[in-house]
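As structure tokens, the structure follows; a few thoughts come after it.
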């Protein structure tokens with residue numbers, strides 16, 4: 001399958017947007033027959049990625065690194081541009097999900113292109129390519145998510161690219177929940193943690209709580225919750241909202257305290273450190 005798109009255009013199958021949700025299981029029922037639970041589904045996500053660099057050789061190398069970094073490469077639509085002028089001549093707001101720009105291009109620099117992008121698209125993830133580390137402080141005004149330093153070891157490229165893709169998935173994925181009265185599509189990035197009492201699950205978000213029937217084992221299997229860890233048999237916690245880890249508990253950024261079992265302490269600490277390292 002050819003991953004590149006002619007003239008920066010994505011395949012026709014993306015014309016309806018970046019998402020396709022396939023419901024695999026029907027909504028679970030509690031003993032009273034009321035619909036209540038989380039909707040188990042498979043997210044099929046087509047991510048639209050633009051790469052802009054005036055070095056064709058490096059664009060080819062970057063595509064190879066992306067193939068090693070993105071597990072479902074067939075669900076990735078890549079558009080290539082060899083100058084900032086070419087990119088901006090075809091760019092429209094909400095056209096791409098991730099844009100990787102070389103900073104040091106002829107005529108228009110990556111920073112100038114990013115400034116133009118931000119005039120119409122405030123939310124697309126922007127990452128910069130650079131050969132010089134001193135440029136890494138230049139992207140705050142355009143809310144750049146990450147810098148990729150040219151010439152670094154391959155494993156560092158892969159680590160940084162995966163953090164970009166994880167950010168996209170976490171920002172765009174939703175977790176559908178069916179309570180006794182309503183269905184809610186909750187953004188994964190807003191979930192603090194899951195708390196389990198026997199067959200009852202309480203989902204804590206940044207703004208609210210949702211109660212439904214379910215099992216922790218089923219929630220752990222959900223592919224959308226890639227940045228969650230299990231510190232205790234009754235909790236499943238979003239790493240992004242951990243403020244501090246103490247000997248016997250986790251302190252969340254909202255002040256909530258989550259018990260930390262002795263057996264889980266080391267693995268939780270290691271995963272939290274790894275998570276912070278990737279995001280830096």
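Just so you know, all these numbers are worked out from the coordinates, no wet-lab data involved. Values in this document were obtained by computation on a predicted structure and should not be read as measured data. Every residue, glycine among them, receives a Cβ derived from its backbone with ideal geometry; neighbour counts consider all protein chains shown.
Among 174-187, 224-237, the peptide with the highest mean count of other Cβ atoms within 10 Å heads the list, and the full ranking is 224-237, 174-187.
With a 10 Å radius around each residue's Cβ, average the other Cβ atoms per peptide and rank 115-128, 98-111, highest first.
98-111, 115-128
Computed from the Cβ-Cβ distance with R0 of 30 Å, the FRET efficiency linking residue 233 to residue 58 stands at 0.05.
Label sites at residue 273 and residue 180, each approximated as a point 7 angstrom past Cα along Cα to Cβ, lie 4.6 nm apart. For the pair residue 75 and residue 156 in one chain, pulling the backbone fully straight at 0.36 nm per residue adds 26.9 nm over the alpha carbon distance.
So, in Å, what gap is there between the alpha-carbon centers of the range 202-217 and the range 239-268? The distance from the Cα centre of the range 202-217 to that of the range 239-268 comes to 18 Å. What the pair-distance distribution of the range 46-172 shows, using all Cα-Cα distances binned every 10 Å from zero, is 13, 50, 35, 2 percent.
Stretching the chain fully between residue 106 and residue 187 yields a gain of 25.2 nm (0.36 nm per residue, less the alpha carbon separation).
Give the order of 275, 96, 197 when sorted by the count of other beta carbons within 10 angstrom, beginning with the fewest.
Ranking 275, 96, 197 by Cβ neighbours within 10 Å, fewest first, gives 197, 275, 96.
Under 10 °C and 1.306 mPa s, how fast does the range 161-280 diffuse according to Stokes-Einstein, given a Kirkwood radius computed over C-alpha pairs? Answer in µm²/s, whole number. Translational diffusion coefficient: 108 µm²/s. Working from label points 7 Å from Cα in the Cα-to-Cβ sense, the residue 266 to residue 211 distance is 3.9 nm. Extension gain for residue 85 to residue 202 (0.36 nm times residue separation, less C-alpha to C-alpha distance): 37.1 nm. The distance between label points at residue 166 and residue 121 comes to 2.4 nm (points 7 Å beyond Cα on the Cα→Cβ vector).
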